[in-house]
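Enquirer: One structure, as structure tokens, below. Some questions next.
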Amino acid sequence: MAFFSLIWVIIAGNAFLNMWRMMREPLVRHLDDAQAAPVEEGGRRFRHIVIVPCYLDPINILFDCLGSLLSQQHPERLVVVVAFEKKTPDVQLKIDTVKKAFGGRFRELIISVHTIQWETEIPGGCSNKNFALRTAHQHVSRMDTQYQETSYTVTTCDTDTLFGPRYFEVLEEAYNHENPAGTGRPVNLCVWQGPLFYNWNLDQRPFFNRITGIMRSLMMLGGLISFNLNPMSVFSYPLELGLEAGFINPRYSVDDIIFLVRMMCSARCGIPVKLLPVAVISGPTIGTTWWEEVDEWARQIRRWIIGSSESFHYFLTHYRGRPFFAGFRWFLMFFTYYAILLCCAGLFTAAAAIPLPGSVWPRPELRYVGLANLALQYCVFAVAFGIDRCAVRYMTVKENVSCCRNFIHWLIAPVVLLAYSLVAFYAVVKFAFRGKKDAGHVMAAKAGFQAITAVLTQGEPAAEAAEAASTAEESFHSQCEQAGRQNPLDRRCAGLSTSTAPPVDRATRTFNGTSNCGALSFELNPRPMTFPVNPSLSLKPGTMCPGDDKIPSTNFENDEDKEVLCRLPDSFYFGSTAFPTGHGNATLDHALSNRTFLYGL
């Protein structure tokens with residue numbers, strides 16, 4: 001119990017220090033400072049690939065996420081990839097809607113449509129984001145004539161994400177800090193994690209949901225980042241790090257928890273998780289009724305624990321002893337955090353604190369060890385609630401939470417964490433017996449979110465929209481179950497390698513198997529496309545051959561009469577801070593209006 005108490009105290013201390021570091025960065029740069037900032041931070045030419053997946057998410061939630069990207073100081077440096085699944089309902093209409101609203105407002109807008117390859121993939125974020133990342137890498141390496149001289153970063157997120165207004169500005173500063181210009185050294189491999197705060201309608205959630213969201217922010221600030229365990233939901237890294245391991249293994253269900261261990265085993269070196277001191281708002285678990293809130297809360301806990309169990313299994317099967325100290329440290333910290341602290345600590349502490357009849361205490365004062373431990377936990381919970389209040393003021397989020405309600409939630413926090421431990425313990429034990437059969441993708445519900453974006457143009461009632469999304473999700477999962485393909489180790493997949501991705505050559509930053517400019521094949525969708533180019537030239541990464549204007553992508557034609565699901569609002573919001581649609585350099589650039597590309601449909 002003293003060991004558990006020590007871990008909680010360390011987490012609370014780290015969270016306080018990281019929160020203090022984040023609040024030292026202004027949320028929005030003043031206009032004079034923004035004008036004084038260099039066009040390219042540190043003399044580098046930056047481009048940022050941002051992967052925004054969309055499954056059954058409401059289109060206005062997707063608009064809010066893209067709007068937070070549009071609110072950045074330099075959206076013209078962003079290569080935004082909206083990653084749809086082929087089975088997404090009304091996928092073509094959603095594509096047209098996104099294109100009409102955001103076409104020409106970023107450096108490039110890429111829309112990828114992923115078709116699940118049942119023999120080598122499982123449905124979920126890993127396979128969809130893996131396809132989107134590979135599509136984006138091949139696209140920029142072909143289309144960017146200054147590719148070799150450009151510093152590329154990759155950022156992955158969920159649809160219910162609002163990026164802080166200075167996210168990529170701070171990311172560039174962090175990149176330059178890790179890689180001083182002019183040194184000529186290889187890029188340092190690391191992951192940048194911004195603190196996540198789940199204050200998207202969090203004041204409207206039930207007590208267990210709100211308490212879990214507040215504690216998850218504490219664990220992110222003080223545990224995951226400080227202990228170098230794993231990134232979560234929204235994180236960034238240099239493109240070279242993704243190329244080192246071939247991006248994401250499409251046969252796993254949770255891409256963020258497994259990311260660090262996959263990269264560490266592939267690069268055979270320690271990969272640190274570094275704080276990116278800029279706030280990110282993420283959506284909590286959500287439902288449209290109280291019972292759906294309970295069910296979704298429990299489902300997502302099981303998904304997180306199963307994802308961590310998959311990561312632990314990946315480490316045990318792929319780790320080859322290098323790096324020894326970094327690997328051994330990660331093993332101990334990961335096991336301590338997920339298996340001991342999240343799954344067992346609450347159960348053990350509660351059981352040990354109960355004064356059972358017939359118990360003999362060596363010292364009478366030892367009877368009160370459980371109470372002392374509980375009192376210390378309440379101090380840690382007080383830090384978590386204090387951080388939440390500071391974050392709400394810092395992000396200018398308006399919440400209707402009284403002091404009385406905060407006090408009650410603080411009092412019942414240990415009970416909620418005990419229930420969390422019960423669900424987590426059940427999930428890990430079940431997974432130990434069922435294995436990959438229990439690791440199917442469980443999509444997070446988002447129908448209950450109140451988007452900031454303008455009202456849907458079709459005027460569809462929220463209840464009907466939620467019911468339609470729920471029906472589509474059930475249909476999607478039932479098709480998977482009927483096909484017997486939710487289990488990636490189905491007998492029909494026997495003998496397949498766990499890593500189905502083609503190898504990536506980091507030296508040339510391109511996929512192996514390059515050919516000359518005779519007839520290049522892009523296997524970015526189920527039907528490979530070829531296009532003719534000049535056979536007398538040899539293809540080099542970052543260069544373009546004559547005839548590359550026939551690159552296998554689709555430039556949309558302007559069609560103002562097409563039906564759309566949602567319209568672009570006049571302003572987007574981060575908290576109470578408004579950013580007009582034309583903020584910074586985000587006005588519609590006609591020179592970029594044709595730089596919208598479609599892959600895979």
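Enquirer: Would you say residue 144 is within 24 Å of residue 579 (Cβ to Cβ) and of a type in the set (D, E, K, R)?
Expert: So residue 144 does not fit the description; no.
Enquirer: Within the set of pairs 6 or more residues apart or between chains, which connect a residue that is in contact (Cβ under 8 Å) with a residue 40 or more places away in the chain and in a strand (DSSP E or B) inside the range 567-580 to a residue that is of a type in the set (Phe, Trp, Tyr) and surrounded by fewer than 19 Cβ atoms within 10 Å (Cβ to Cβ) with Cβ atoms less than 8 Å apart?
Expert: 579/573
Enquirer: May I pose another question? Looking only at strands (runs of 3 or more DSSP E) that lie completely in the range 120-212, which have at least 1 residues being within 17 Å of the chain's Cα centre (by Cα) and under 30 Å from residue 412 (Cα atoms)?
Expert: Those strands (runs of 3 or more DSSP E) span 161-163, 191-193.
Enquirer: Do we find that residue 390 is touching a Ser or Thr at 6+ places or on another chain (Cβ under 8 Å), surrounded by 11 or more Cβ atoms within 10 Å (Cβ to Cβ) and either in contact (Cβ under 8 Å) with a residue 40 or more places away in the chain or within 20 Å of residue 411 (Cβ to Cβ) (or both) in this structure?
Expert: no
Enquirer: So how many residues does the range 239-266 have that are within 13 Å of residue 187 (Cα to Cα), surrounded by fewer than 22 Cβ atoms within 10 Å (Cβ to Cβ) and either touching a helix residue (DSSP H, G or I) at 6+ places or on another chain (Cβ under 7 Å) or small (Gly, Ala, Ser) (or both)?
Expert: 1
Enquirer: Which fully enclosed helices (runs of 4 or more DSSP H) of the range 281-355 have 2 or more residues being touching a Ser or Thr at 6+ places or on another chain (Cβ under 8 Å)?
Expert: Output list reads 290-318, 346-353.
Enquirer: Shifting gears a bit: Are there any pairs, at least 6 apart or on different chains, whose C-beta atoms fall under 7 Å, with the first in the range 227-240 and of a type in the set (Gly, Ala, Ser) and the second at pLDDT below 90, and if so, which?
Expert: These pairs meet every condition: 233/256.
Enquirer: What are the residues in the range 394-416 that are under 24 Å from the mean Cα position of the chain (by Cα) and in a helix (DSSP H, G or I), if any?
Expert: 394
The values are calculated or read from the model by the stated rules, or taken from the named source; none is laboratory data. No experiment lies behind these values; they were computed from the predicted model shown. Every residue, glycine among them, receives a Cβ derived from its backbone with ideal geometry; neighbour counts consider all protein chains shown.
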